[in-house]
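*Asks:* Okay, here's the structure, questions in a sec.
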Amino acid sequence: MKYEVGSEFNYIKPDMAQGDSIPKLFEKTGRTAKYLRCGRDAIGFIAEDIALKQARKGNDSFEKIVYMPALSCDSMVEPFRMHGYKVVFYKLEKNLKIAKESLLDIDQHKASFAPVILTMNLFSMADQRDVNKAIKTAYPQAIIVEDITHILLTPDHYDLENADYQIGSIRKWFGLADGAVVLTGDKEFLATAKKGETSFTTMRTQAMTEKTAYIENPDQELKAHFRGLLSDADDALDNGFTIYEISEQSYSDIQHAPVKEMMERRSENYHHLYKKFEEIMTNMSCDADADRQQSPFTLLPEAPADVTPFMLPILVNERVVGCSRDEFERKLAQKGVYAPVLWPIDDEAAATCAVSKDFSEHMLGFWIDHRYNTEHMDYVAQMLKESL
């Protein structure tokens with residue numbers, strides 16, 4: 001095994017003399033920002049803020065209903081439910097753009113209807129701004145929540161015109177124990193969050209520090225220990241019911257993050273790996289036997305050059321590769337390439353949208369972040385090819 005590519009970040013304290021301020025990146029939007037512990041807390045926070053502001057407006061007819069893409073993992077869905085919202089899933093097209101008809105006829109009879117609608121530019125290549133505008137035209141009182149996790153470092157692609165809130169997980173972008181952001185066009189938030197370090201942050205800090213030690217001197221017992229800590233940390237969350245602010249250490253870290261390096265390396269790695277995957281698909285199509293004419297996997301449209309990508313997803317064709325998506329994931333892991341399953345959805349979401357069900361059952365995501373370079377991407381492509 002030449003490399004290990006993927007999985008959880010390790011923790012390296014940022015150099016206080018270098019880096020850029022992620023908060024300053026958000027300040028450029030002109031929006032009010034709040035920093036929370038994780039994405040679940042961020043969703044719980046805006047769920048409370050919306051309800052409180054509707055109550056302040058005296059909107060007695062406000063119903064706690066949120067419309068979400070069917071391709072939403074539990075960590076996005078459950079915080080709304082924990083705060084008393086009914087979740088209704090809507091459909092996506094094959095390119096992960098919103099299927100407009102599934103949102104624009106939800107209630108044509110209430111001029112004051114104020115639905116909460118969460119939209120997301122999935123994998124940096126499904127810009128939803130045109131649909132957001134159509135939603136606002138159809139429902140002027142709609143409250144649009146834009147999940148910016150997959151375009152976090154590209155504020156130029158945020159929908160500052162139509163979205164009432166942005167939410168994003170910062171800790172998914174680099175070695176950070178905790179951290180998420182909520183942005184709003186309002187001058188203030190009415191929701192509140194607790195202060196202080198929690199077991200979630202403590203366990204993640206220890207686990208990520210142990211992973212740094214593991215990278216320097218691989219030891220399987222140490223690996224098992226930090227992986228257990230990471231699992232325990234996730235179990236310590238209560239799906240955004242109890243909301244905490246970001247820890248002091250993590251807030252300090254995001255003020256000295258390697259933003260420029262993150263942006264440049266991610267873009268270079270993503271587009272390099274995308275082309276390598278295209279080559280694999282082309283070569284297999286040309287050289288395949290008669291019963292292997294179909295491609296072993298599907299690529300989504302390539303992310304625009306002016307967006308800093310999050311991950312590179314593929315859809316595994318189980319019939320062609322000769323095994324299940326989960327078995328294929330294990331094949332890659334044995335070669336040091338950790339491509340996580342993205343992501344299980346509940347039965348109601350799967351029944352609502354066949355596209356989301358297909359993605360949930362066949363998608364793998366490949367890490368292209370700043371820990372790696374194009375040589376690592378070549379390795380990932382080679383291991384993928386050898387696993388087919």
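The values are calculated or read from the model by the stated rules, or taken from the named source; none is laboratory data. A quick note: this is a predicted structure, and the numbers were derived from the prediction, not measured. Because the Cβ atoms are built from the backbone with ideal geometry, glycine has one as well, and the counts that use them run over all protein chains shown. Quick note on the areas: whole protein, heavy atoms, side chains included, nothing else; ligands and nucleic acids left out. Shrake-Rupley method; radii C 1.70, N 1.55, O 1.52, S 1.80 Å.
*Asks:* Assess whether SER75 counts as being open to solvent by 10 Å² or more (accessible area, probe 1.4 Å), at pLDDT below 95, in contact with a Lys or Arg (Cβ under 7 Å, 6 or more places away or on another chain) and not hydrophobic (A, V, I, L, M, F, W, C). Spell out the reasoning first.
*Replies:* Working: open to solvent by 10 Å² or more (accessible area, probe 1.4 Å): yes; at pLDDT below 95: yes; in contact with a Lys or Arg (Cβ under 7 Å, 6 or more places away or on another chain): yes; not hydrophobic (A, V, I, L, M, F, W, C): yes.
When the stated conditions are applied, SER75 passes them.
*Asks:* Could you check how many residues of the stretch 182-232 are exposed (fewer than 13 other Cβ atoms within 10 Å of the Cβ) and among the small types (Gly, Ala, Ser)?
*Replies:* Here the count works out to 5.
*Asks:* Any residue in the stretch 227-244 that's at pLDDT below 95: show its pairings with residues that are exposed (fewer than 14 other Cβ atoms within 10 Å of the Cβ) and small (Gly, Ala, Ser) at Cβ separation under 9 Å, as long as the two are six or more apart or on different chains.
*Replies:* ASP232/SER199; ALA233/SER199; ALA236/SER199
*Asks:* Go over the candidates ALA51, ALA33, ALA47 one by one and state the one that is in contact (Cβ under 8 Å) with a residue 60 or more places away in the chain, within 22 Å of TYR244 (Cβ to Cβ), out of contact with any strand residue (DSSP E or B) (no Cβ under 7 Å at 6 or more places or on another chain) and hydrophobic (A, V, I, L, M, F, W, C). Full working, then the answer.
*Replies:* Values: ALA51 fails: in contact (Cβ under 8 Å) with a residue 60 or more places away in the chain; ALA33 fails: out of contact with any strand residue (DSSP E or B) (no Cβ under 7 Å at 6 or more places or on another chain).
Criteria check complete, one pass: ALA47.
*Asks:* Residues of the stretch 349-382 being of a type in the set (Asp, Glu) and either more than 28 Å from PHE89 (Cβ to Cβ) or modelled with pLDDT under 95 (or both), which ones?
*Replies:* Quick first cut of the stretch 349-382, residues of a type in the set (Asp, Glu) only: 358, 361, 369, 375, 378.
Within the stretch 349-382, ASP369, GLU375, ASP378 qualify.
*Asks:* On to the next question. Within the set of pairs 6+ apart or on separate chains, which have a first residue in the stretch 160-181 that is without any contact (Cβ under 8 Å) to a residue 60 or more places away in the chain and surrounded by 24 or more Cβ atoms within 10 Å (Cβ to Cβ), a second that is β-branched (Val, Ile, Thr) and in a strand (DSSP E or B), and C-beta atoms under 6 Å apart?
*Replies:* Listed pairs, sorted by first residue: ALA163/ILE144.
*Asks:* Okay, moving on. What is the residue count in the stretch 342-357 for residues that are surrounded by 16 or more Cβ atoms within 10 Å (Cβ to Cβ), of a type outside the set (Gly, Ala, Ser) and touching an Asp or Glu at 6+ places or on another chain (Cβ under 9 Å)? Full working, then the answer.
*Replies:* From the stretch 342-357, those surrounded by 16 or more Cβ atoms within 10 Å (Cβ to Cβ) are 342, 345-346, 349-350, 352-353, 355-357; that's our starting set.
Imposing the further condition that a residue be of a type outside the set (Gly, Ala, Ser) reduces the set to 342, 345-346, 352-353, 355, 357.
Then drop every residue that is not touching an Asp or Glu at 6+ places or on another chain (Cβ under 9 Å), which leaves 345-346, 355.
Number satisfying all stated conditions: 3.
Let's see how each residue does on (1) in a helix (DSSP H, G or I); (2) among the small types (Gly, Ala, Ser); (3) more than 17 Å from the chain's Cα centre (by Cα):
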| position | (1), (2), (3) |
| --- | --- |
| GLU348 | yes, no, yes |
| VAL355 | yes, no, yes |
| PHE359 | yes, no, no |
| PHE366 | no, no, no |
| ARG371 | no, no, yes |
| LYS385 | yes, no, yes |
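*Asks:* Kindly indicate which of GLY30, GLY6 is surrounded by 15 or more Cβ atoms within 10 Å (Cβ to Cβ) and at positive phi. Can you show your working first?
*Replies:* Numbers: GLY30 fails: surrounded by 15 or more Cβ atoms within 10 Å (Cβ to Cβ).
When all the criteria are applied, what remains is GLY6.
*Asks:* For the stretch 98-129, what are the residues that are among the basic types (Lys, Arg) and at pLDDT below 95?
*Replies:* Of all residues in the stretch 98-129, those among the basic types (Lys, Arg) come to 100, 110, 129.
Once the filter is applied, which keeps residues that are among the basic types (Lys, Arg) and at pLDDT below 95, the stretch 98-129 yields LYS100, LYS110.
*Asks:* Any idea how many residues of the stretch 52-72 are more than 30 Å from PHE359 (Cβ to Cβ) and open to solvent by 20 Å² or more (accessible area, probe 1.4 Å)? Talk me through it step by step, then tell me what you get.
*Replies:* First pass over the stretch 52-72, keeping only residues more than 30 Å from PHE359 (Cβ to Cβ): 52-62.
Imposing the further condition that a residue be open to solvent by 20 Å² or more (accessible area, probe 1.4 Å) reduces the set to 52-53, 55-62.
Looking only at that region, the number is 10.
*Asks:* Let me ask another. In a loop (DSSP other than H, G, I, E, B), touching a residue at least 24 places away in the same chain (Cβ under 8 Å), over 30 Å from SER7 (Cα atoms) and open to solvent by 10 Å² or more (accessible area, probe 1.4 Å) - does that describe any residue in the stretch 116-128?
*Replies:* We begin by selecting, within the stretch 116-128, every residue in a loop (DSSP other than H, G, I, E, B); these are 121, 125-128.
Now narrow it down to the ones that are touching a residue at least 24 places away in the same chain (Cβ under 8 Å): 121, 125-128.
The next check asks that each one be over 30 Å from SER7 (Cα atoms); those that pass are none.
No, the stretch 116-128 contains no residue that is in a loop (DSSP other than H, G, I, E, B), touching a residue at least 24 places away in the same chain (Cβ under 8 Å), over 30 Å from SER7 (Cα atoms) and open to solvent by 10 Å² or more (accessible area, probe 1.4 Å).
*Asks:* Can we say MET281 is open to solvent by less than 40 Å² (accessible area, probe 1.4 Å) and either at pLDDT below 95 or closer than 22 Å to PHE123 by Cα (or both)? So that I can check it myself, show each step before the final result.
*Replies:* On the way: open to solvent by less than 40 Å² (accessible area, probe 1.4 Å): no; either at pLDDT below 95 or closer than 22 Å to PHE123 by Cα (or both): yes.
Taking the combined requirement at face value, the residue does not satisfy it.
*Asks:* I would also like to ask the following. Based on this model, can you work out whether MET311 counts as open to solvent by 40 Å² or more (accessible area, probe 1.4 Å) and among the hydrophobic types (A, V, I, L, M, F, W, C)? Before you say what the answer is, go through the steps one by one.
*Replies:* On the way: open to solvent by 40 Å² or more (accessible area, probe 1.4 Å): no; among the hydrophobic types (A, V, I, L, M, F, W, C): yes.
No: the conditions fail for MET311.
*Asks:* Could you tell me which residue of the stretch 325-341 is least open to solvent (accessible area, probe 1.4 Å), considering only residues that are closer than 14 Å to GLU4 by Cβ and assigned to a helix (DSSP H, G or I)?
*Replies:* LEU332
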